Amino acid sequence: MTDTPLADRPCTPSGPGEPPLAGKPIGPLLAQLPGWTVVDEHHLHRQFDLDGYLPGVEFINKIAALAEDVGHHPDLHLTWGKLVVTLYTHAINGLCEADFVLAARIDRLAR
């Protein structure tokens, strides 16, 4: 395990044929992401509570720019007062370290 903070690690999603993370490797990564949950060892989930609709649009725009920059795209669901982010690597239909890295970078944007 590296001492490098998640948000500072490379964000390189796994490709087809690589196995998704499962079991024990998930715990130490998730422990670095307060507010996030892992659902069925398949995807990361977090709800951000916001003050209205436009702050959510602004946050989505920041996330979209980040996602384009790293080539890894979360699912985003915006309603008034909240933004739900779901992350997993579609190519492997599950989690890889890049999902946790992107979650940490999204948390940085939220500050």
Checklist entry - What is the local net charge at Pro55, summed over the other residues whose Cβ is closer than 14 Å to its Cβ (Lys, Arg +1; Asp, Glu -1)? => result 0
Checklist entry - Out of [x] 56; [y] 51; [z] 72, which label holds the value of percent of Cα pairs over 16 Å apart that was computed here? => result [x]
Checklist entry - By per-residue mean of other Cβ atoms within 10 Å, what is the highest-first order of 78-85, 16-23? => result 78-85, 16-23
Item to check | Nonlocal amide H pairs with Gly94, under 5 Å, H built at 1.01 Å | outcome: Thr89
Checklist entry - So for the pair Ala64, Leu30, with labels modelled 7 Å out along Cα→Cβ, what separation do we get in nm? => result 3.1
Checklist outcome for this item: Total charge of the residues flanking Leu66 in space, meaning their Cβ is under 10 Å from its Cβ, with Lys and Arg +1 and Asp and Glu -1, is +1
Checklist entry - Per residue of the chain, what 222 nm ellipticity follows from adding -39500 (n - 2.57) for every DSSP H run with n ≥ 4, rounded to the nearest 500? => result -10000 deg cm²/dmol
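Tally Lys/Arg at +1 and Asp/Glu at -1 over every other residue whose Cβ is under 13 Å from the Cβ of Cys11; what's the total? Spell out each step's value before the answer.
Numbers: positive: Arg9, Arg105, Arg108; negative: Asp8, Glu68, Asp69, Glu97, Asp99.
Local charge sum for Cys11: -2.
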Next on the checklist: Please compute the modelled spin-label separation between Leu109 and Thr4, points set 7 Å along Cα→Cβ, answer in nm with one decimal.
Outcome noted: 2.1
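Each reported figure results from applying straightforward, stated rules to the coordinates on display, with no laboratory input. The structure presented is a predicted model; accordingly, all values stated were derived computationally and were not measured. Note: ideal-geometry Cβ built from the backbone for every residue, glycine included; neighbour counts use all protein chains shown.
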